[in-house]
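Structure first, then comments.
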Amino acid sequence: MHRVSQGGWKSSGPRLWAAVRGLPHTLRADLWTVARDPLPRMRWLGRLPHGHVVLAAVLMGWLNADRYKVDFGPFAVTTVVTLAVLQSGAVVLALSRPVPAWWLSTIALFLVRNVGGVKTSHDALWSWSIPGIALHALVLFLLALRVRPRIAAEALGFSLLAAVAALAFLGPVPDPSLLPGAAPPVLASSAQDVTVLQDAVTFTAAVVLGAALRGRRVARHQLVEQEVLTAGERARRTLLEERNRIARELHDVVAHHMSVISIQAQVAPHLVKDPTDELKENLAGIRGSAVEALTELRRVLGVLRSEEALADGVRHTPQPTLGRLDELVGAVRGAGLRVTTEITGEPRPLSPGVELSAFRIVQEALSNALRHAPGAEVRVALGYRSGGLTIRVANTAPDRPAPPSQGAGHGLLGMHERTTMLGGELATGPTPDGGYEVTAILPAQAAQPADPREPAP
């Protein structure tokens with residue numbers, strides 16, 4: 001244990017010496033700056049506290065000037081005004097530049113106690129006037145509100161050193177017999193000790209209060225930042241989950257068609273009488289490419305299936321299309337929602353991706369209406385056009401309050417992702433009558449990604 005202790009002292013010695021050697025550089029970096037650091041605006045009070053600080057500086061400056069008239073005499077007007085303006089101006093400057101304001105206040109306090117007739121002041125209980133101490137404490141408080149606790153502690157230490165220096169440079173007080181009520185000479189040392197102690201308590205209380213308020217503000221700011229980061233992370237996770245779900249559904253659609261191509265390429269030679277070797281070779285190549293693509297597709301996108309996903313029987317259920325719209329509407333009606341449907345144009349089969357996305361958009365819109373608009377009437381309108389499909393799902397205002405939501409859902413996000421993937425357009429929002437409307441325009445064929453090798457039009 002003794003050896004470990006010696007080793008600890010030996011290892012900590014160089015670090016301590018390095019810290020001592022670097023102290024001047026640290027103090028210079030912390031306190032020798034004119035950087036601007038304005039006092040932040042409060043959430044509810046705005047800049048009202050700033051006005052109160054300026055008002056306090058003016059009031060204390062007036063009290064200081066009145067006090068200095070007694071100490072300096074009625075003829076030292078320039079000195080009185082200069083010192084009062086310096087101390088009050090330091091408080092106002094501390095609203096924007098706290099470190100230079102602290103330097104100005106400290107220098108002003110030292111000059112106040114060691115200039116002219118103040119040297120023989122008989123008020124030995126304080127090294128400065130009470131308004132002067134209050135102004136310097138306010139400067140320290142405003143400094144501690146903005147800077148790190150270490151810098152505030154350094155400024156506090158120098159302020160206390162200035163108080164000791166002010167007493168050390170004081171001239172002798174007059175004969176107590178000539179100053180009625182003055183402290184006896186034997187109590188001068190005790191009075192100076194009390195003076196330094198009172199200054200230390202006042203300045204330390206200001207710094208501790210300012211540092212505590214700054215710590216609270218910093219903690220609150222960090223909490224808000226963390227909440228923003230958490231909300232952003234939750235939104236990204238929700239987006240990824242929805243994209244994974246869409247990718248799984250499209251994987252099933254594409255895999256189905258690739259399987260059909262493979263089977264048709266395998267069966268085609270048997271449907272032709274005396275097929276040529278060239279035809280057989282081409283069909284075999286088509287089948288081989290389809291099987292290879294299907295294998296690669298299952299290898300890459302199959303991992304999107306969750307280990308805890310649905311049972312195998314449900315996994316391999318064919319993906320829904322608009323042909324199951326009546327089934328979907330019937331299920332929603334059974335849940336208590338009044339739904340009417342309207343189809344315009346000539347219904348026709350669309351591409352599998354468009355069919356699946358259209359069904360999911362209607363499904364999500366009906367689910368949102370069932371969840372957020374209890375008792376409302378819902379109208380589902382499908383419009384087949386030459387260029388694609390228009391979907392409109394609108395509900396009236398609910399007749400009773402909706403139950404509280406259990407968290408952020410994927411409904412609107414899923415609609416947006418599906419529409420963007422197909423190159424369509426989506427618009428959602430409340431209606432003038434208090435309801436909600438979802439409108440989607442989907443192309444007949446999914447949009448093809450642009451070839452980066454082609455020049456822009």
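A few notes on this one:
- Annotation: the antiparallel percentage among DSSP beta bridges lying fully within segment 311-398 is about 50.
- Neighbour net charge for S96 - beta-carbon separation under 15 angstrom, K R +1, D E -1: +4
- In this simple spin-label approximation, A293 and Y384 carry label points 7 Å from Cα along the Cα→Cβ vector, and these lie 2.7 nm apart.
- Paramagnetic label zone (point 7 Å from Cα along Cα-to-C-beta, T204; backbone N under 15 Å) in segment 139-157: 153-157
- If R0 equals 41 Å, the separation of the Cβ atoms of F158 and A231 corresponds to a calculated FRET efficiency of about 0.40.
- Multiplying the residue separation of T276 and R217 by 0.36 nm and removing their Cα-Cα distance gives an extension gain of 12.9 nm.
Laboratory data are not the source of any read-out in this text; all were calculated from the coordinates shown. These figures come from a predicted structure and were not determined experimentally. Neighbour counts run over all protein chains shown; Cβ positions are idealised from the backbone, glycine included.
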